[in-house]
1. In a strand (DSSP E or B), among the aliphatic types (A, V, I, L, M) and within 20 Å of Gly233 (Cβ to Cβ): which single residue out of Val408, Val379 fits that description?
2. Pull out all pairs, ordered by first then second residue, where Cβ-Cβ is under 7 Å, the residues are six or more apart or on different chains, the first lies in segment 121-138 and is among the hydroxyl-bearing types (Ser, Thr, Tyr), and the second is part of a helix (DSSP H, G or I).
3. Looking only at segment 362-371, how many residues end up being over 17 Å from Arg406 (Cβ atoms) and in contact (Cβ under 8 Å) with a residue 12 or more places away in the chain?
4. Could you list, in sequence order, all residues of segment 339-354 that are under 20 Å from Gly252 (Cα atoms) and either acidic (Asp, Glu) or in a loop (DSSP other than H, G, I, E, B) (or both)?
5. Just the residues that are in contact with a strand residue (DSSP E or B) (Cβ under 6 Å, 6 or more places away or on another chain), hydroxyl-bearing (Ser, Thr, Tyr) and more than 22 Å from Leu256 (Cα to Cα), please, taken from segment 276-314.
6. Which numbered condition in (1) more than 13 Å from ligand 1 (Cβ to nearest atom); (2) crowded, with 24+ Cβ neighbours inside 10 Å is the only one that Gln215 fails?
7. Considering only residues of segment 1-31 that are touching a strand residue (DSSP E or B) at 6+ places or on another chain (Cβ under 8 Å) and of a type in the set (Val, Ile, Thr), which is farthest from ligand 3 (Cβ to nearest atom)?
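The values are calculated or read from the model by the stated rules, or taken from the named source; none is laboratory data. As the structure is a prediction and not an experimental result, all values here were calculated from the model. As a convention, Cβ positions derive from the backbone with ideal geometry for all residues, glycine included, and neighbour counts pool all protein chains shown.
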Amino acid sequence: MIVMKFGGTSVESAEAIRRVAGIVRERIAQRPVVVVSAMGKTTNKLLEIATRAAKGDSKGALDGLEKLRQFHLRESVDCDAEVNSHFDQLKDLTKGLAIMGELTPRAIDAVSAFGERLSSLIVTAQFKHSGVDAVHVDSREVIVTDKRHTQAAPLFAETNAKLAGSIPELARQHVPVMGGFIASGVDGVTTTLGRGGSDYTASIVGAGVGAEEIQIWTDVDGMLTADPTIFPGGRRVETCSFAEAAELAYFGAKVLHPATVLPAIEKNIPVRILNSRRPEVEGTLIVSDPPPASTPIRSIACKLNITLVNIVSSRMLMAHGFLRRIFEVFDRHETPVDMLATSEVSVSLTVDSTRALDAIRTEIEEFAEVSVEEDHGIVCLVGENIRGCPEVSARAFAALGNIKTRMVSQGASQLNISMVVAARDLARAVESLHREFFG
Ligand code: ADP
Ligand code: ASP
Ligand code: MG
């Protein structure tokens, strides 16, 4: 068995889905299990509709919903009745949100799950139409999570039992097609795995059924040496390790959801990133122990919208327990900290999410001074070779020239060197580092 996951752009239209059917048909002997994302930008649109409804703009929300219905009907075959019945449910839900005037995480999941519920039905119908013997599987019946709506974590014992008990048998005769991203809690209520979570679904399924390979089909040739939206001159990484891929994903390489490699590591299943528009390209193979890279680093990841928080207190001098107090506050507000640097009396750290930052700031100000600087970015050099190449840092700083780095971290894993720069310098930083390490 192999798991083949197709992302939003790979299933964005009837034409794209026919292309996917062709790719799957060619690999039918490997007994594929297919996982699909919502079509195109559907998840964003659903969230926008829900937000509008909850703010009282029923008309705007229902108009948006109607457009989305027409789009799904236009791009599908042989499933109008099912598509319409899903949109009727969505309409009821949207009206309910407008009446309630609030959008709870549970409601967000109920709405956003429709993207994958619809795409998986539409892909199943198109596959059958194209002569691929597909069978729809509702992921919510096989993937069980905790109740943390919008960021749910799988309960592996339950999930693996359900997957192993149903999918291999189905895949003997048919091509199971499942929606990514969606799941349900033990109480059966719909949950989601977080944005970009369809990659994670693919690896959960792959590990659960003991697949030979997990394939992530997307709109680029594989993991590239730089984020193409920031620096378009990168090249394909042929192979990298699970640890390198996890690090790259965590520091912004959106081509993989950061949790994707975890189930794969557990069962040692290779993960391959492939381009659904250029299926002949070999893509990137991610394995536990790849051949060493010929360059000191494997790739450069980056992310924008990073906020720098500086915490200063003279009480920190020679004291212990200070960091614990700070982290307790972040923890209580469920805000992950990405990078950290300390001096004698100050701590600087970065966060991705500013949702709870005002509350965090107020609490920390009870025992220290806090300043917040928005509009930063992280650039991260990743590679197992960094461990054995002490000159990498020196070369990186020389390449950055006059670009000011606000924070630097070389992690305990010795697999990455991360630097915080102003957002406006990010593209220039990536370009300079890319020139230095990849020519
Ligand atoms: P999908 O819908 O298939 O899941 P995503 O948009 O989530 O696709 O991920 C693919 C995108 O990831 C690419 O189009 C690219 O813009 C972005 N990306 C960011 N960093 C990298 C990288 N290092 N290599 C490849 N793609 C990257
Ligand atoms: N459709 C979801 C999202 O847009 C999950 C995914 O595409 O992986 O976040
Ligand atoms: Mg994605």
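1. The unique qualifying residue is Val379.
2. Final answer for the pair search is Ser130/Arg18; Ser130/Ala21.
3. Count: 5.
4. Asp352, Ser353, Thr354
5. Once the filter is applied, which keeps residues that are in contact with a strand residue (DSSP E or B) (Cβ under 6 Å, 6 or more places away or on another chain), hydroxyl-bearing (Ser, Thr, Tyr) and more than 22 Å from Leu256 (Cα to Cα), segment 276-314 yields only Thr307.
6. Answer for Gln215: the failing condition is (1).
7. Among those residues, the one meeting the criterion is Ile28.
The rows are residues; the columns are (1) at pLDDT 95 or above; (2) out of contact with any helix residue (DSSP H, G or I) (no Cβ under 9 Å at 6 or more places or on another chain).
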{"position": "Tyr250", "(1), (2)": "no, yes"}
{"position": "Val255", "(1), (2)": "yes, no"}
{"position": "Thr284", "(1), (2)": "yes, no"}
{"position": "Ser313", "(1), (2)": "no, no"}
{"position": "Gly321", "(1), (2)": "no, yes"}
